[in-house]
Each structure stands twice: as structure tokens, then as C-alpha cells.
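Just below is one structure, and these are the notes that go with it.
The values are calculated or read from the model by the stated rules, or taken from the named source; none is laboratory data. Treat the numbers as computed from the prediction; the structure is a model and nothing was measured. Cβ placement follows ideal geometry from the backbone for every residue including glycine, while neighbour counts extend to all protein chains displayed.
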Amino acid sequence: MDVDVLITGGGPAGLSTALHLNRIAPHLTPRILILEKARYPRPKLCAGGLVLDAEIILQRLGLDVREIPHVDAQTIKFDFEGKGFNFRVPRKHALRIIRRDEFDNWLAIKTREAGIEIREGVTVKNILSQSGRVIVETEQGTFHAQVVVGADGSNGITRRCIFPNAPVHTARVLEVLAPSALRAPPPNPTMNILNADSKFELSYLGEAGRGSDVAYFEFSPVPNNIAGYVWDFPAQINGKPMRCWGIYDTNILASEKRPQLKEPLAEEMSRFGYDLNDYEVKGYPIRWFSPEHLMSVPRVLLVGDAAGADPLLGEGISMALGYGALAAREISESFQRGEFSFRGFKRRVVRSGLGQTLLVRWFIAHIIYPLKWRWFQILTWRISKPLVLLTAWMFVLNWGKRLK
Ligand SMILES: Cc1cc2nc3c(=O)[nH]c(=O)nc-3n(C[C@H](O)[C@H](O)[C@H](O)COP(=O)(O)OP(=O)(O)OC[C@H]3O[C@@H](n4cnc5c(N)ncnc54)[C@H](O)[C@@H]3O)c2cc1C
């Protein structure tokens with residue numbers, strides 16, 4: 001089969017590329033094909049925290065994420081050993097938390113409604129760039145494309161085919177889903193008799209000591225050579241309030257002696273009455289952005305995690321949506337010129353609001369994690385609050401509006 005634009009992977013990066021192409025070059029729409037190895041709604045390990053930049057990009061596409069189930073965190077709390085500062089956005093939520101199976105399924109429906117074809121259950125096996133076209137081999141046959149967009153995530157085949165020997169920077173991440181309300185330790189027998197039936201509800205701790213509209217980032221693992229944090233977000237699964245816990249390690253301190261990720265996660269969860277052994281722990285890598293990474297070869301370009309997510313916090317959904325907008329512009333202009341070198345794609349990314357936030361976050365990650373001493377972490381998360389907030393507001397957030 002021959003197409004103009006073949007997108008490998010139907011996550012936020014691939015779907016955003018297709019939706020943006022449909023908007024700026026609608027004549028290409030019937031010539032776009034997305035190949036997705038899974039079937040929607042497919043599971044994707046992710047805490048689902050959407051920053052406002054993601055919503056800005058979706059709104060520009062005419063999409064309203066409130067159509068799917070979500071929980072709003074009004075406050076994000078950045079802590080070191082339980083103390084730190086709160087981040088709030090005036091008159092808005094600070095973080096909107098979705099479930100990725102629902103979000104990606106919703107985005108895929110919107111993409112299909114725009115007239116774009118998605119083939120599910122098709123795994124790309126190999127990509128060969130030859131003069132004049134790209135050959136994409138799958139278990140279900142071979143496709144020929146003018147242009148291929150590698151949107152197949154952190155472990156994607158596209159990057160491995162076009163840059164087989166390039167350096168890779170990958171974070172390790174674990175995630176756990178737990179109930180938001182925990183049962184209290186058994187009350188003493190006298191209480192039990194007195195409270196039988198009528199007061200049974202009192203034997204619940206409620207919100208396990210944490211705010212149902214607060215998302216927590218705890219940086220206490222840093223002095224132990226974990227270049228990251230433990231998170232605890234509110235979540236909603238099948239209408240039920242839950243907590244999504246996890247731990248993120250950029251691997252920037254990988255050469256040092258490091259504990260297993262489970263230890264600091266278990267320790268942090270136990271402070272709130274959770275026993276990690278009671279829950280299923282899942283892991284998945286996040287490939288993060290580094291300025292030396294390449295993003296394209298003639299006729300093939302990378303977007304989303306395949307190109308590189310945020311190294312500082314491992315945030316990648318808004319970035320994936322942003323990469324899609326930039327890739328669509330690059331592809332549309334290439335078709336206008338009839339020239340597909342994609343030589344300027346990385347420059348386009350780096351000069352955009354997305355590239356600027358990625359560069360700043362890369363820089364900050366290489367300061368706050370290697371300077372891992374306890375006193376420096378206390379200085380960052382407790383004492384330098386105005387400076388941290390100002391830097392975050394000016395350089396880390398609000399890039400969605402500057403996505404040019
Ligand atoms: C535990 C964890 C928690 C996270 N929490 C957050 C968070 O709270 N907020 C946030 O912003 N980011 C978070 N992230 C990062 C975020 O999940 C990613 O940055 C985001 O999913 C990147 O989107 P993408 O479209 O590039 O890749 P993906 O979402 O990984 O999508 C890639 C798609 O390609 C498909 N695919 C892969 N290989 C092939 C193939 N060979 N052929 C065909 N299809 C293929 C996959 O099935 C998938 O659908 C988290 C990540 C992890 C691991």
C-alpha cells in the first residue's frame with residue numbers, strides 16, 4: 001500500500017501529528033495512515049497528569065478534554081522530606097489527571113472523526129529509507145510512504161532503525177495504583193462494641209491523610225542517588241477515587257551506588273499507611289530529551305518520547321502533543337516544496353516554546369539532581385520558593401502559547 005504520511009504509533013504524539021496535519025494541510029488527510037500495534041482502549045503505564053500546556057494545544061485543535069473522566073488537582077505540592085511549597089494557578093486547576101486508556105481512545109476517536117485512517121493491531125517491524133520513499137515492514141505486509149513519522153514511544157522501532165547506534169538517555173519509572181481511602185488499624189475492642197453497625201464508617205481513615213485535590217512530588221530520594229522523586233496523584237478509575245503512586249529516576253546519577261527504586265517508594269508510601277507489597281508494581285522507561293539527540297533523517301522524523309520527553313519530571317503528554325504540531329508544520333512545508341530532507345526539523349523544535357522548555361528542564365535536571373546533598377535539596381524545595389516559582393512560571397510552563 002502507498003501513502004503520503006505513515007505514522008508509526010497512535011499515542012498522543014502520533015494522533016496529534018495527524019490532527020494538526022488535518023488542520024493545516026487538509027488535502028493530505030486521505031493520504032495519512034496511522035499504524036498502532038495495540039487496540040484502543042489500550043493500557044499505557046502513565047500517571048496521566050496533564051499540565052495546562054496540553055489543554056492549550058488540544059483547545060487549538062477544537063478538543064475539550066473535559067469530555068472524558070478526569071480529576072483536577074488544584075494544588076501541586078513540591079516537598080523535600082514532607083515540607084516544601086505549593087504551586088497553584090490563579091482561577092484554574094494546577095494539574096488535570098486523566099487515565100491514558102481513556103484519553104488515547106478519545107483522541108483516536110477524534111482523529112478518525114477527522115477522516116484519518118488508523119489501523120490497529122499492526123506492529124511495525126522494520127523501516128528502510130530508500131531514495132524517493134520509505135519502506136515500512138509489518139507483520140501484516142509492507143507499506144510505502146513519502147514520509148514516516150516515528151511516534152512509537154520510548155522503546156520505538158523507528159528510532160532504532162534510523163539511529164541504531166545513537167546514545168539513549170532513559171529514565172526508570174515505577175507506578176502503583178492504590179485506593180484513596182485506607183482502613184484504619186483495628187480499633188480497641190471496647191470501641192468496636194460501642195460502635196457496632198451505626199458507627200462503622202468511623203473505622204475508615206478517609207483520604208489516607210492526603211488531599212484529594214492535591215498532587216504531591218517528594219524529592220527525598222535524591223540524596224540517596226535517585227535523580228528524581230516519588231509522586232502521589234489523585235486518580236479516578238471506573239468512577240472510583242484512587243491514588244496513583246510512583247517513582248521517577250532520570251538515571252543522571254546512574255554511576256553512583258543507588259538503591260532499588262522500590263525501597264524509597266515503599267518508604268514514602270508507608271508514611272501514609274500503604275504497604276507496597278499489597279499492590280502490583282509496574283515499570284516502564286521514559287526516553288528523555290537531550291540537546292545532542294538527532295530527530296530526523298531524510299523522509300523520517302521522530303516525535304513524542306521517540307524524540308525525547310522532559311528530563312526533569314518525566315512529563316511527556318503535553319510534549320507529545322507539541323511535537324505533533326511542529327512535525328505537522330514541517331511535513332506540510334516539505335510537501336509544498338517537494339523536498340523531504342527534514343534538515344531543519346530539530347532547529348524548528350529547539351527554537352519553539354517546546355524546545356525552549358525542554359532545554360531549560362534538561363539544564364535544571366543537570367543541576368538539582370547532581371547537587372544531591374540534603375542541604376541543597378532543602379535550599380531548593382523549602383527556602384528558594386520565590387525563585388523556583390518564578391523560574392517555573394517563566395521558563396518551564398506556559399510554553400504551549402509560544403508553540404511556533
Ligand atoms: C509510569 C509513567 C508515568 C508517567 N506519568 C506522566 C504524567 O503524569 N504526565 C505526563 O505528561 N507524562 C507522563 N509520562 C510520560 C508519558 O506517558 C509519555 O511521555 C507519553 O505517553 C508519550 O507519548 P507518545 O505518543 O510519544 O508515546 P506513547 O504514549 O508511548 O505511544 C506510542 C504508541 O506507539 C505504539 N507502538 C509502539 N511500538 C509500535 C510498533 N512497532 N508498531 C506500531 N505501533 C507501535 C504503542 O502501542 C503506543 O500506542 C509517564 C510515563 C510513565 C512510564
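Starting from segment 23-38, keep only residues that are over 10 Å from residue 332 (Cα atoms) and free of Cβ contacts under 8 Å to residues at least 40 places away in the same chain, then list their pairs with residues that are among the acidic types (Asp, Glu) and more than 16 Å from the ligand (Cβ to nearest atom) whose Cβ atoms are within a distance under 6 Å, requiring at least 6 positions of separation or different chains.
31/4
More than 21 Å from residue 338 (Cβ to Cβ) and more than 10 Å from the ligand (Cβ to nearest atom), is that true of residue 118?
Yes; evaluated as a whole, the condition is true for this residue.
For residue 44, are the conditions met, namely being of a type in the set (Lys, Arg) and within 18 Å of the chain's Cα centre (by Cα)?
yes
Scan segment 94-117 and report the pairs whose first residue is buried (at least 18 other Cβ atoms within 10 Å of the Cβ) and whose second residue is of a type in the set (Phe, Trp, Tyr), with Cβ atoms within less than 7 Å and a gap of 6+ or a chain change.
94/87; 97/233; 104/40; 108/40
Here are some conditions: (1) closer than 20 Å to residue 256 by Cβ; (2) modelled with pLDDT under 95. Residue 401 meets all but one. Which one does it not meet?
All conditions are met except number (1).
Could you say which residue among 23, 66, 42, 112 is touching a helix residue (DSSP H, G or I) at 6+ places or on another chain (Cβ under 8 Å) and not in a loop (DSSP other than H, G, I, E, B)?
23
Across segment 18-40, what is the number of residues that are surrounded by fewer than 16 Cβ atoms within 10 Å (Cβ to Cβ) and closer than 26 Å to residue 138 by Cα?
2
Take the residues in segment 121-163 that are away from the ligand (no atom under 15 Å from the Cβ) and assigned to a strand (DSSP E or B), then tell me which one is surrounded by the fewest Cβ atoms within 10 Å (Cβ to Cβ).
130
One residue is enough: does segment 230-249 have a residue meeting the conditions in a strand (DSSP E or B), without any contact (Cβ under 8 Å) to a residue 40 or more places away in the chain, in contact with an Asp or Glu (Cβ under 6 Å, 6 or more places away or on another chain) and within 16 Å of the ligand (Cβ to nearest atom)?
For segment 230-249, residues in a strand (DSSP E or B), without any contact (Cβ under 8 Å) to a residue 40 or more places away in the chain, in contact with an Asp or Glu (Cβ under 6 Å, 6 or more places away or on another chain) and within 16 Å of the ligand (Cβ to nearest atom): present.
Just need a number here: residues in segment 35-69 that are within 6 Å of the ligand (Cβ to nearest atom) and of a type in the set (A, V, I, L, M).
Of the residues in that region, 4 qualify.
Considering only segment 158-182, state which residues are under 30 Å from residue 126 (Cβ atoms) and of a type in the set (Val, Ile, Thr).
Passing the criteria: 158, 162, 168, 170, 173.
For segment 106-115, give me the residue count where each residue is within 14 Å of the ligand (Cβ to nearest atom) and in contact with a Leu (Cβ under 8 Å, 6 or more places away or on another chain).
Looking only at that region, the number is 3.
Can you tell me which residue in segment 275-321 is nearest to residue 51 (Cα to Cα), limited to those that are touching a Leu at 6+ places or on another chain (Cβ under 8 Å) and hydroxyl-bearing (Ser, Thr, Tyr)?
Taking the candidates together, the pick is 318.
Could you give every pair whose Cβ atoms fall below 8 Å, whose first residue belongs to segment 43-66 and is under 13 Å from residue 101 (Cα atoms), and whose second residue is more than 7 Å from the ligand (Cβ to nearest atom) and part of a loop (DSSP other than H, G, I, E, B), counting only separations of at least 6 or pairs across chains?
Note: pairs meeting the criteria are 48/98; 48/99.
Just checking, how many residues over segment 71-86 are touching a helix residue (DSSP H, G or I) at 6+ places or on another chain (Cβ under 7 Å) and within 18 Å of residue 392 (Cα to Cα)? Steps first, please.
From segment 71-86, those touching a helix residue (DSSP H, G or I) at 6+ places or on another chain (Cβ under 7 Å) are 78-80, 83-85; that's our starting set.
Checking the rest, the ones that are also within 18 Å of residue 392 (Cα to Cα) come to 78-80, 84-85.
Looking only at that region, the number is 5.
Pick out the one residue from 203, 255, 198, 212 that is more than 23 Å from the chain's Cα centre (by Cα) and at pLDDT 80 or above.
255
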